[in-house]
Amino acid sequence: MKKTIVAYALIASVAAALAVNAQQNADKGGKMQLTIQGYKAIGYPGLAGMPGFSEKLIADHVKLYQGYVTNVNALSEKLSALLADGKERTPEYAELKRRFGWEFGGMRLHELYFGNLGGAGTPRMDSHVLKAIQEGFGSFEAWKKDFTATGAMRGIGWAVLYKDKVSGRLFNAWVNEHDGGQLAGCVPLLVMDVFEHAYLTDYRLERAKYIEAFMNAIEWEAADQRFHE
Ligand SMILES: [Fe+2]
């Protein structure tokens, strides 16, 4: 327990230093830019004003996502430094290595989530993803019933429509937090965040209403593009 606290404190200190650096840059340039080396957070200005989601909710959510990017970069650098220093067989290295999957999953799942929002909620009748859904689940309505039921499960995590690259089959899966239950080797076609932070601002604890708003705001072209990956 003590070692875990030390590891988390380590992450917090690295992230805090990077946040100060980013804030200094924001003060200079007026617009937030991450100055850390490595992966840059994606912006989602097109989602502002999206029906069913307040601008505050989206802005706060994107800010939270940026924190995952910061931590992925910080962890990546810290792990490399520990390895270079010959400290790879330490509790710190092990805890940060475990933490990396959680932070990376949080980062990428949010990118997929924001990337499949901002649409009208209806797939093109001739899209390949719709055809696969109809073949796999019997009908779009049957798929939707299963997907929304997955998202309504108690707990914090994600509902994800996956395509298995090996068999071509589609699955609606529950991902616990960011790193439990992901289907190995499958392509995430559609991702829905059901952590409370995804809807609390606008819907309080009424997750069902948020899920309805999400379904009406899906950008199905994104899912169709992922289908061909
Ligand atoms: Fe989220």
Exercise for review: Using a cut-off of under 15 Å, list every residue of the range 113-142 whose amide N is near the label point 7 Å from the Cα of Tyr39 along the Cα-to-beta-carbon line.
Suggested key: 113-115
Practice item. May I ask for the distance between the Cα centers of the range 193-229 and the range 104-128, given as a whole number of Å? Key: 9
Review point. In nm, to one decimal, how far is the modelled label at Ala59 from the one at Lys145, with both set 7 Å along Cα→Cβ?
Key: 4.1
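With an 8 Å Cα cut-off and a minimum separation of 6 or more residues, compute the relative contact order for the range 143-229 in percent. Provide the component values of the computation, followed by the final result.
Working: 124 pairs, mean separation 23.6, N = 87.
Relative CO of the range 143-229 lands at 27 percent.
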Practice item. Report, largest value first, the span of the C-alpha coordinates of the range 37-150 along each principal axis, in whole Å. Key: 56, 33, 24
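At R0 = 45 Å, how high is the FRET efficiency between Ala48 and Thr90 if r is their beta carbon distance? Nearest 0.05 is fine.
Working: r = 44 Å, r/R0 = 0.98.
For Ala48 and Thr90, the calculated efficiency is 0.50.
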Check your understanding: log₁₀ I(q)/I(0) of the range 128-227 at q = 0.10, 0.19 Å⁻¹, via Debye over equal Cα point scatterers, no solvent, to two decimals?
Key -> -0.26, -0.93
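Every number here is computed from the coordinates shown, using simple stated rules; none is lab data. Just so it is clear, the model here is predicted, and its values are computed rather than measured. All Cβ positions, even for glycine, are placed from backbone atoms using ideal geometry, and neighbour counts span all protein chains on display.
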